[in-house]
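Working notes, beginning with the structure itself.
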Amino acid sequence: MALSNNDDLRDAHYLFGILYEKGLSVEVSQKTAFECFKKAASLQHAYAHTKLGHCYYSGIKEQLKDSFDLMSQETEASMMDEPQYIVQPDRKLAL
């Protein structure tokens with residue numbers, strides 16, 4: 001079945017966001033989930049607006065992989081002191 005209208009497209013973008021957010025059949029990617037929610041929200045998907053607001057409210061922290069062999073422990077410790085955000089928290093934009 002082809003996606004023929006905006007209702008289908010916005011639902012598809014929202015559902016892809018859920019898949020990436022939860023890691024269902026794909027690798028977890030908060031950044032990709034955010035982009036999918038953003039696209040669905042631009043197509044007026046109500047739940048996507050809620051998810052997008054949550055992303056802006058809490059921010060999206062960058063997933064730091066276990067790379068002890070690539071980074072020294074001191075560098076990693078300094079990175080853990082301050083959270084690394086892909087999307088910065090913005091309470092005004094969330095509301």
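Quick note: the coordinates plus some simple rules give every number you see, no bench work behind them. These figures come from a predicted structure and were not determined experimentally. Cβ placement follows ideal geometry from the backbone for every residue including glycine, while neighbour counts extend to all protein chains displayed.
Taking label points 7 Å from Cα along the Cα-to-Cβ direction, L93 and Y47 give a separation of 2.4 nm. The ranking of L52, L43, L24 by Cβ neighbour count inside 10 Å, starting from the fewest, reads L24, L43, L52. Neighbour counting of Cβ atoms within 10 Å sorts the residues T50, T32, fewest neighbours leading, into T50, T32. Using the Cβ-Cβ distance between D11 and E35 with R0 = 22 Å, the FRET efficiency computed as 1/(1 + (r/R0)^6) comes to roughly 0.85.
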